[in-house]
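Worksheet: one structure, shown below.
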Amino acid sequence: MAVAYTEEIASRAQAWLDASYSKRHTNEYKAELHALYALITGNPAAGCTNCNFQGYVDILSAYVRHYQRQSTPELMANATYSLAPGFENEQFVHESYSEVVTADNLTDKSAEFFISKGFKHAFLKNGKAIEDEAAKEDAPKLTEKQKKQAEYKEVLGTDADDKLTIAQLTEAIDAKRAEHDKQD
C-alpha cells in the first residue's frame, strides 16, 4: 500500500509527538496513536501497545519527516534521489559503506551505492521509480531509417527493402497515404 501524505494526518501526528511523556501514555493518547498508525500504514495497531509503543512513535516521526520533505521541497537539498514510500523509516547498512543511511542523512552518493547493491526498489530518482527510468535508458535506440522502416510497414503492410533510403521510404509512405486520401 502506498502511503498517502496529507496535512491533516501530519498535523495530528506532530501534535501527538509534541505531547508530554505523561500525556502520551494516557488511554486517550494511546487511542490516537493507534488511530494514526492505522491511517498511516493501512493496518490496525496490533499486539501489546507497551511492547510496540516506540515502533508506533517511530512511524509517526518518519511520517511527519517525510511529509515535510514533500510539502517543502525548497527547504530540502537539491537531491536527485529520495526514499520510496514505505522506506522512510528504514536504515540501510552495508559492510562496504562507512555509515548507516537513513532518510535524514540520505545523499545521492549513498543512494547510488545502495541502488548498485540491489536496493533500487527503495529509492526514487527525481520522484519516479528507478525501474521506470532504467527501462527508458535500456530501451533500444532506433535510427531514423529504422523508424521510417517501421512506419513503412505500418502504412504499406509489408517490410521495406533494406536498400531503400530514408528519402525513398518517405516518398513511398507519402504516396500510399495520398492514395488512401483520394479514396476517402
Exercise. Output the number of the condition that ILE40 fails; it satisfies all remaining conditions of (1) in contact (Cβ under 8 Å) with a residue 24 or more places away in the chain; (2) open to solvent by 70 Å² or more (accessible area, probe 1.4 Å).
Key: (2)
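Would you confirm whether or not region 54-65 contains a residue that is charged (D, E, K, R), assigned to a helix (DSSP H, G or I) and surrounded by 14 or more Cβ atoms within 10 Å (Cβ to Cβ)? Give the steps one after another, and end with the answer.
So in region 54-65, the residues charged (D, E, K, R) come out as 58, 65.
Applying the additional criterion that residues be assigned to a helix (DSSP H, G or I) yields 58, 65.
When the remaining residues are screened for being surrounded by 14 or more Cβ atoms within 10 Å (Cβ to Cβ), the result is 65.
Yes, some residue in region 54-65 is charged (D, E, K, R), assigned to a helix (DSSP H, G or I) and surrounded by 14 or more Cβ atoms within 10 Å (Cβ to Cβ).
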Quiz item: Do any helices (runs of 4 or more DSSP H) lying entirely in region 92-157 carry at least 2 residues that are within 25 Å of TYR67 (Cβ to Cβ) and modelled with pLDDT of 85 or more, and which ones are they?
Solution: 108-114
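The values are calculated or read from the model by the stated rules, or taken from the named source; none is laboratory data. Predicted model, so just to flag it, every value in this text is computed and none were measured. Cβ coordinates were reconstructed from backbone atoms using ideal geometry, including for glycine residues, and neighbour counts include every protein chain displayed. The protein model used for the area step is the full one, side chains on, heavy atoms only, and it has no ligands, DNA or RNA in it. Shrake-Rupley method; radii C 1.70, N 1.55, O 1.52, S 1.80 Å.
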